Amino acid sequence: MREVSGDDQKAGALLSSLTVVNDDDFEAERGVRRLERPRFELEPKHALLCIMVLVCALATTLTLLVQQAANMGALDTQATTNASSHTTATASPSDRDSTPSTAAPEPSPSASDNKQDTLVNINTADEAQLQEIKGIGPVTAARIIEYRTQHGAFASLDDLVNVPGIGMKTVEKLRPWACAQ
C-alpha cells in the first residue's frame, strides 16, 4: 500500500471541503441524506421573476420559429414559381412546339370588358400603352421604361421584379395583361 504524503493529505482535505455532500449529512442507521440548511434559498418574488423571464424567453423563441417557418414557406413558393418560369423560358424550340406555353396566358373572358383584347408587350410599349395595363400607373410605367432603357429588353415578365416598386405579387397580377417578347 502507498504512503500518503503531506501534499496528498492537503489535497484530500481541500477536495472534501469542496464537496457538497459531507459525511455528517447522512443518517447512519437509515442511509438517508439529511441537510442542515438548504443549498439554495430563493424568495417567492425572485422565483416568480425567474419564471416570468423563462416564459418570455420561450414566447420569443416560439414567435421567431413561427416567423421563420412562414418565411421558408414563402421562399419555397417563390422558388417553385421561379423554377417553373425558368424551365419555360429555357425550353428548346422542339419542346415549345409540343407543349403549350404558360409564359403568356391568354386574357380571361372578362378582359374584353376592360378593353384589353391583346397582351401588351412590355419591351415595346410606350408609357401610355403601359398605363392601359391594369395595375400600372404613370409612375410605374415611367420606371419600367427607365429600367428598359438602362438595362435592355426584359427576357420574361418575371424580370419586372428588378424594377423598383414592383414585386412578385404585382408581376402575377400583370400576367393576364402583359408579356415580354
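No lab work stands behind these numbers, since they all come straight from the coordinates. Since the structure is predicted, the reported quantities are computational estimates derived from the model, not experimental observations. Here Cβ is always computed from backbone atoms with ideal geometry, including for glycine, and neighbour counts include all displayed protein chains.
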Quiz prompt | D8 paired with L64, simple spin-label distance in nm, labels 7 Å along Cα-to-beta-carbon | solution = 5.2 nm
Exercise. Read phi for every residue in the stretch 118-126 and hand back ³J(HN,Hα) as whole Hz from Karplus 6.51 cos²θ - 1.76 cosθ + 1.60, θ = phi - 60°, with x for Gly and Pro.
Key: 10, 7, 8, 7, 6, 7, 10, 6, 8
Exercise. Note down the nm distance, to one decimal, between modelled labels 7 Å out along Cα→Cβ at A57 and at T77.
Key: 3.5 nm
